[in-house]
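Since the structure comes first, as structure tokens, the remarks are kept for the end.
The values are calculated or read from the model by the stated rules, or taken from the named source; none is laboratory data. Only a predicted model underlies this, so the values are computations on that prediction, with no experimental measurement involved. Glycine also receives a Cβ, built like all others from the backbone with ideal geometry; neighbour counts cover every protein chain displayed.
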Amino acid sequence: MIQLDGRVALVTGASRGIGAATARLLARAGCDVVVHYHAAHDAAAAVAAAVERAGRRAWTLRADLADLDAARKLAADVESHAGGLDIVVHNAGMWTHGRIDSMPQAVWLETMRLNLDSVFVLTQATLPMLRRSAHAAIVVVTSTAAQRGEAEHAHYAASKGALISFVKSLAVELAPGVRVNAVAPGWVETDMAKPALAGPAARRAIEAAIPRGRVASADDVAGPIVFLASDLAAHVTGEILNVNGGSVLCG
């Protein structure tokens, strides 16, 4: 039912995890996809190949989004290669451990720069293209940590919490032409979460706190992202869609 034929999507952090699953599902729905990556060129190329096997165009573009000038250049590169843009999925981010009493300021600033500042810069830089689209949609990947906090990850939770406020603000500011929504995943089977999920006892404790009884797959999150980007969600904006198996019941 989701038809995105002829539309162009940019997915940041698309070489693996949620970003890769989202890029592949967007292509199955008919979307051409810009596959952004930072370092994993071969993995990004594999995602682009999957997009092309679905009969859609794909471009792989590299940028270190923690470098805000590079984030601005990424938007220019998207226009140069794809000619326009209908959908932006802000997925790139980082999650590191850090107690507040010992966290170096550099770690705090690095997390904010990638998780929050780059979303501001890239949104601003892609807006001219989105405003030319009749189906413009922005989807931001935030986190349950934004909603409940996360001990020993205050920098991450704060960056993701700010994104929720950013989404709700832009949903009004950019209406009616650009819809802005977010998904808030809980635990997901990704490389980023792998160390925390590696121990059997730790995994059992995490799964016991999830009413659905399991950790999400990347595809579990990609589906809601593509829904929010589609015309099935044409009257949905400013929404934070929880994808956590029932572990955090809010919104």
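One line per residue, one yes/no per condition, for (1) modelled with pLDDT of 95 or more; (2) touching a helix residue (DSSP H, G or I) at 6+ places or on another chain (Cβ under 9 Å); (3) not small (Gly, Ala, Ser):
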| position | (1), (2), (3) |
| --- | --- |
| VAL141 | yes, yes, yes |
| GLU150 | no, yes, yes |
| ALA154 | no, yes, no |
| LEU174 | yes, yes, yes |
| GLY177 | yes, yes, no |
| PRO185 | yes, yes, yes |
| ALA196 | no, yes, no |
| ALA205 | no, no, no |
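Considering region 25-50, and only residues there that are in a helix (DSSP H, G or I) and in contact with a Lys or Arg (Cβ under 9 Å, 6 or more places away or on another chain), the residue that is surrounded by the most Cβ atoms within 10 Å (Cβ to Cβ) turns out to be LEU26. Scanning region 1-24 for residues that are touching a residue at least 40 places away in the same chain (Cβ under 8 Å), in a loop (DSSP other than H, G, I, E, B) and either in contact with a Leu (Cβ under 7 Å, 6 or more places away or on another chain) or surrounded by fewer than 24 Cβ atoms within 10 Å (Cβ to Cβ) (or both) yields a count of 6.
Taking the criterion of being free of Cβ contacts under 8 Å to residues at least 40 places away in the same chain and in a helix (DSSP H, G or I), the residues of region 64-112 that qualify are ASP69, ALA70, LYS73, ASP77, SER80, GLN105, ALA106, LEU109.
Considering every residue within region 118-140, establish whether at least one is under 23 Å from PRO195 (Cβ atoms) and polar (S, T, N, Q). No, every residue in region 118-140 fails to be under 23 Å from PRO195 (Cβ atoms) and polar (S, T, N, Q). Filtering region 1-26 to residues that are within 17 Å of GLY84 (Cβ to Cβ) and over 11 Å from the mean Cα position of the chain (by Cα) leaves LEU4, ASP5, GLY6, ARG7, VAL8, ALA9, LEU26.
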